[in-house]
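The values are calculated or read from the model by the stated rules, or taken from the named source; none is laboratory data. Bear in mind that the values here come from a model prediction, so they are computed numbers and not experimental data. Cβ coordinates were reconstructed from backbone atoms using ideal geometry, including for glycine residues, and neighbour counts include every protein chain displayed. Keep in mind that these areas ignore ligands, DNA and RNA; they rest on the heavy atoms of the full protein, side chains included. Shrake-Rupley method; radii C 1.70, N 1.55, O 1.52, S 1.80 Å.
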Amino acid sequence: MIFEVKMTVAIVEYNAGNIYSVVNALKRLGIEPVLTHDAEILQKADRVLFPGQGEARTTMASLKSHRLDEVIRSLRQPVLGICVGQQLMCKHSDEGDVDCIGIFDLPVLRFQPQRHVDKVPAMGWNALKELKTPLFDGLKDGDDYAYFVHSYYVPQCEYTIATADYIQPYSAALHKDNFYATQFHPEKSGRVGETILRNFLEIK
């Protein structure tokens, strides 16, 4: 189903992979996003997405080179961080021992395998549980799955709006004020991911 409301949707452009799969997912919803690191464009957009794949220290250095860390903290419209985007919105990452943007006062920790079957990175489909907020409207708690690829995770906390379980339960998604974030990739999660992206676009 094509998204019918006209709005400006910006994607934060920086040194991180996977951005174009997010572009394509939005186009399937009828949205032509703007890919930019321009502060004014980001601040004026109706929605901002902050995706990414890569190593935390390197990606934070890229953000800081354009002062995008400051810009992202300043945003007042709905913002959605994806994968490394979620991790960089936290306070500190064990990956590269780097301070991050700090929207969520949380650590990002590396998975510690407990059994020989525990593989890192965690890769594949995992159930979304304990769903909260309109971001997950239309999904069934524990019955709908999203696609994950990650070696680091955010512990469960007061900002957790969805959980997943790999080695231990952790935050699959976070929410604070106008900021939302998912550890999984909605743009690679089929119907479930499309529902989540649509819900994000519809958040008031």
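Summary of computed values
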read-out	value
Segment 89-94 - phi-based ³J(HN,Hα) in whole Hz, Karplus 6.51/-1.76/1.60, Gly and Pro as x	7, 8, 7, 8, 10, 5
For Gly30, residues with placed amide H under 5 Å, excluding near neighbours	Phe3
Å³ per residue enclosed by the Cα convex hull of segment 109-178	90
Residue-level accessible surface for Thr195, protein heavy atoms, 1.4 Å, Å²	30
Surface accessible to a 1.4 Å probe, Arg67 within the full protein complex, Å²	140
From phi via Karplus (6.51, -1.76, 1.60), per-residue ³J(HN,Hα) for segment 34-47 in Hz, x at Gly/Pro	9, 9, 7, 10, 7, 4, 5, 5, 4, 5, 8, 5, 6, 9
Fraction of accessible area attributable to carbon and sulfur, the chain (%, probe 1.4 Å)	48
Gain in span if fully extended, Gln168 to Lys129, counting 0.36 nm per residue against the direct Cα distance	12.7 nm
Heavy-atom accessible area per residue - segment 132-204, 1.4 Å, Å²	40
Simple label model, 7 Å out from Cα along Cβ direction - Gln156 to Thr8, nm	4.1
Calculated Rg and Dmax of the chain using C-alpha coordinates, Å	15.7, 50
Sequence-distant residues sharing a close amide H with His92 (under 5 Å, placed H)	Cys100, Leu106, Val108
Helix runs (DSSP H) in the chain reaching 15 Å along axis by Cα, Kyte-Doolittle at least -0.5	190-202
Lysines whose Cα lies under 16 Å from that of Lys64, excluding same-chain neighbours fewer than 8 positions away	Lys91
Candidate aspartates and glutamates - alpha carbon under 20 Å from Lys129, same-chain residues fewer than 8 apart omitted	Asp137, Asp141, Asp143, Asp144, Glu158, Asp165, Glu187, Glu194
Per-peptide average of other Cβ atoms within 10 Å, ordering 90-103, 109-122 highest first	90-103, 109-122
Computed over segment 40-101: relative contact order in percent, which uses C-alpha pairs under 8 Å that are six or more apart	44
Spatially proximal lysines relative to Lys6 (Cα-Cα < 24 Å; intrachain offsets below 8 disregarded)	Lys27, Lys44, Lys188, Lys204
Inter-probe distance in nm under a simple model that places probes 7 Å from Cα toward Cβ, at Arg198 and Asp143	1.7
